[in-house]
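What follows is a set of notes on a single structure, which appears directly below.
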Amino acid sequence: MANSQPSNNMGLCNQCRARVPSEFFTRDGKTWIRKDCPTCGPNESLVSSDAAVWQAKRDLWKYVPTDRVACTLNCDQCGIDHKPSMVFLDVTNRCNMNCPICIATIRDMGFDFNPPLEYFEKIFAELGRMEPKPVVQLFGGEPTLRDDLLELIAIAKRNGLKPHVVTNGIRLADEEFCKRLCDARVPLRFAFDGRSPDIYERLRHNRPAYEKKMKALENLKKYSKRKHAIIACAAWGINDQYIGDMLQFIHDNRDLISDLGIIPLTENWKPGEFDAAKTTTMEDVEKMVQQAVPGGQVEFVPAGLAYAMRKPRSFFRRDSRSEILLLGGVHPNCESMTLLISDGKTYRSINHYLKKPFSQVVADFVDASKRIDPALSRLDPTKFFQRQRGRFLAIRTFLPVVLRSVDFKRLTDGHPVLGLAKVIWTRLFRRGTTEDSAKGRRPRRLLRVAMLPFEELHSVDAARMENCKAVFAYEDTDDGKVKTIPACMWYPYRNPILEKLSKKYGIARRKGETQAPAAT
């Protein structure tokens, strides 16, 4: 075992899922996590196919794993207040697909979870009391299978929350349903793995799903008045060769799609159900994107570094957190992200428009933010004059970084003055085509691309979970309190929790049902 990193970290045993001591180490240029289980013996899992890139994220973050980790991965007994930025909420375990790779493994739950609105009224009331309020992701199963989804969305909004819907998109192929959902103006996280039926046959065992998803996207294009995020699953040998085509599809529909999140294929299926020729890690998917972008030069940085910018951001926006795509990673090896910029024909890496590497620019912004944080902390962004002082200080601090970093000649097609004037004019005055104006959508030049680690229990570690800002919310039936569990640790607890809730609240009726079915 080479280059072991001693720590007081914890992981999950690959066999019995016990919480056991763990440590990271490198071997053959890859990063592994070793778990020492007293029952099953030592076992290990692949964390990253590129140890150098994995470590570079820690170096950019200036992360030193020396402190004792308070998290024990016993999330049902945890007293840590995660102050979540994003809350996922299971609204049903019914689904209109049966994917062998499903992270939710709905088909094996053995009971029906589709609680009435009474349950969600309690959850949303509690979440609505949080300050700042988290973004809420309606999850499943497939949320669009709830006949009362629009009522559920309305309850969330009444409690001051901003609900999003995580959907496989199949039901949106129904034009009338899609129109009604669009009228609610709720953002979607639309699952879309690429433009080929072969992808869905291999990855989802559902070839017809491709045409339905394409029809759903056409319907969204027709009726939606806002932009949405695409969430893709990626794996070597399945859809890596289609990433470039998907980026071009997003570019051609950039008035509809604002962000792309990619989840590496997670090995959580039962033996014999699915065959992945090669393990796919976050760094693998980053390489897929790098290979797919014309000109390359794509760099990914830890998304959690955005937290360093929260204080300056608070003087420009009421909510200083991202509410569009990111799960809220606050660890260098959680989410990573990059930016792609349209040249009018396709996306190019942000590096194409910079004088120095993207990672260095991010480091410069983080350092600048840290320098002015003490001064900004003495100002109140809710008071007009103090807010203006904070804005002036932030602009004065960050503008030199921008001027040193950005290649304005390239960014503005060789005409810096005219190009910048065009950008300002478009931003302030131009309303786009008549069709786009009617929908309230404008094509965006910038695309955020994020790698989203999600439910990878074989490689999860306590240090990453300790300050996680993305959680699942639920009611504890024992004491009636609303509690949360970090998103990547939800599934070891989910089934018993949801089954108890189903027995307590019963099952919401579907249209045409005369009696609500009991949980099995």
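If we keep just the residues of segment 377-393 that are surrounded by 11 or more Cβ atoms within 10 Å (Cβ to Cβ) and not basic (Lys, Arg), which is modelled with the lowest pLDDT? Even if it seems obvious, please write down each step before you answer.
Initially, segment 377-393 is screened for residues surrounded by 11 or more Cβ atoms within 10 Å (Cβ to Cβ), giving 379-381, 383, 386-393.
Narrowing the set further to residues that are not basic (Lys, Arg) leaves 379-381, 386, 388, 390, 392-393.
Details: 379: 95, 380: 95, 381: 92, 386: 95, 388: 95, 390: 95, 392: 96, 393: 96.
Only one residue fits best here, namely 381.
When segment 105-127 is examined, which residues are found to be modelled with pLDDT of 95 or more, part of a loop (DSSP other than H, G, I, E, B) and surrounded by fewer than 16 Cβ atoms within 10 Å (Cβ to Cβ)?
116
Between a residue in segment 345-370 that is surrounded by fewer than 19 Cβ atoms within 10 Å (Cβ to Cβ) and any residue that is in a loop (DSSP other than H, G, I, E, B) and not charged (D, E, K, R), which pairs come within a Cβ distance under 7 Å, given they are 6 or more apart or on different chains?
That search, which allows pairs on different chains as well, returns 346/294.
Run residue 496 past the list (1) buried (at least 16 other Cβ atoms within 10 Å of the Cβ); (2) farther than 24 Å from residue 313 by Cβ; (3) more than 23 Å from the chain's Cα centre (by Cα); (4) at pLDDT 90 or above and report the number of the one that doesn't hold.
Among (1) buried (at least 16 other Cβ atoms within 10 Å of the Cβ); (2) farther than 24 Å from residue 313 by Cβ; (3) more than 23 Å from the chain's Cα centre (by Cα); (4) at pLDDT 90 or above, residue 496 violates only (1).
Take segment 79-104 and flag every residue that is among the charged types (D, E, K, R), crowded, with 16+ Cβ neighbours inside 10 Å and assigned to a loop (DSSP other than H, G, I, E, B).
At the first step, the residues of segment 79-104 found to be among the charged types (D, E, K, R) are 81, 83, 90, 94.
From what is left, the residues that are crowded, with 16+ Cβ neighbours inside 10 Å are 90, 94.
Scanning segment 79-104 gives a single hit, 94.
Do we find that residue 202 is under 16 Å from residue 250 (Cα atoms) and at pLDDT below 95 in this structure?
Values: under 16 Å from residue 250 (Cα atoms): no; at pLDDT below 95: yes.
No, not satisfied.
If you take the residues of segment 32-52 that are surrounded by fewer than 19 Cβ atoms within 10 Å (Cβ to Cβ) and touching a residue at least 40 places away in the same chain (Cβ under 8 Å), which of them is nearest to residue 455 (Cα to Cα)?
46
Can you go through 419, 506 and tell me which one is at pLDDT below 90, out of contact with any His (no Cβ under 7 Å at 6 or more places or on another chain) and small (Gly, Ala, Ser)? Even if it seems obvious, please write down each step before you answer.
Details: 506 fails: at pLDDT below 90.
After applying the criteria, what remains is 419.
Look at residue 311 and say whether it is out of contact with any Leu (no Cβ under 6 Å at 6 or more places or on another chain) and either crowded, with 19+ Cβ neighbours inside 10 Å or in a helix (DSSP H, G or I) (or both).
On the way: out of contact with any Leu (no Cβ under 6 Å at 6 or more places or on another chain): no; either crowded, with 19+ Cβ neighbours inside 10 Å or in a helix (DSSP H, G or I) (or both): yes.
Judged against the criteria, residue 311 is not a match.
Have a look at 186, 165 and point out the one that is under 21 Å from the mean Cα position of the chain (by Cα), among the aliphatic types (A, V, I, L, M) and part of a strand (DSSP E or B).
Details: 186 fails: part of a strand (DSSP E or B).
Exactly one of 186, 165 is under 21 Å from the mean Cα position of the chain (by Cα), among the aliphatic types (A, V, I, L, M) and part of a strand (DSSP E or B), namely 165.
In segment 128-162, what count of residues is obtained for those that are assigned to a helix (DSSP H, G or I), touching a helix residue (DSSP H, G or I) at 6+ places or on another chain (Cβ under 8 Å) and aliphatic (A, V, I, L, M)?
Counting residues in segment 128-162 that are assigned to a helix (DSSP H, G or I), touching a helix residue (DSSP H, G or I) at 6+ places or on another chain (Cβ under 8 Å) and aliphatic (A, V, I, L, M) gives 6.
In segment 188-232, how many residues are closer than 17 Å to residue 259 by Cβ and among the aromatic types (Phe, Trp, Tyr)?
The number of residues fulfilling the criteria is 2.
Which one of the conditions (1) modelled with pLDDT of 85 or more; (2) touching a Ser or Thr at 6+ places or on another chain (Cβ under 9 Å); (3) part of a loop (DSSP other than H, G, I, E, B); (4) farther than 30 Å from residue 25 by Cα does residue 441 fail to meet, given that it meets all the rest?
(1)
Among 209, 232, 191, which is modelled with pLDDT of 95 or more and touching a Lys or Arg at 6+ places or on another chain (Cβ under 9 Å)? Please lay out each step first, then the result.
Values: 209 fails: touching a Lys or Arg at 6+ places or on another chain (Cβ under 9 Å); 232 fails: touching a Lys or Arg at 6+ places or on another chain (Cβ under 9 Å).
It is 191.
Take residue 22 and tell me if it is within 13 Å of residue 461 (Cβ to Cβ), in contact with a helix residue (DSSP H, G or I) (Cβ under 7 Å, 6 or more places away or on another chain) and small (Gly, Ala, Ser). Can you show your working first?
Numbers: within 13 Å of residue 461 (Cβ to Cβ): yes; in contact with a helix residue (DSSP H, G or I) (Cβ under 7 Å, 6 or more places away or on another chain): no; small (Gly, Ala, Ser): yes.
So residue 22 does not fit the description; no.
What pairs come up if the first residue lies in segment 76-89 and is closer than 14 Å to residue 474 by Cα and touching a residue at least 60 places away in the same chain (Cβ under 8 Å), the second is crowded, with 21+ Cβ neighbours inside 10 Å and among the charged types (D, E, K, R), and their beta carbons are under 6 Å apart, counting only those six or more places apart or on different chains?
Once the first residue is closer than 14 Å to residue 474 by Cα and touching a residue at least 60 places away in the same chain (Cβ under 8 Å) and sits in segment 76-89, its partners that are crowded, with 21+ Cβ neighbours inside 10 Å and among the charged types (D, E, K, R) give 84/469.
Being outside any loop (DSSP other than H, G, I, E, B) and touching an Asp or Glu at 6+ places or on another chain (Cβ under 8 Å): is that true of residue 47 here?
Values: outside any loop (DSSP other than H, G, I, E, B): yes; touching an Asp or Glu at 6+ places or on another chain (Cβ under 8 Å): no.
Considered against the rule, which asks whether it is outside any loop (DSSP other than H, G, I, E, B) and touching an Asp or Glu at 6+ places or on another chain (Cβ under 8 Å), residue 47 comes out as no.
The values are calculated or read from the model by the stated rules, or taken from the named source; none is laboratory data. Because the structure is a prediction, the values reported are computed rather than measured. Neighbour counts are summed over all protein chains in view; Cβ atoms, including those assigned to glycine, are modelled from backbone coordinates with ideal geometry.
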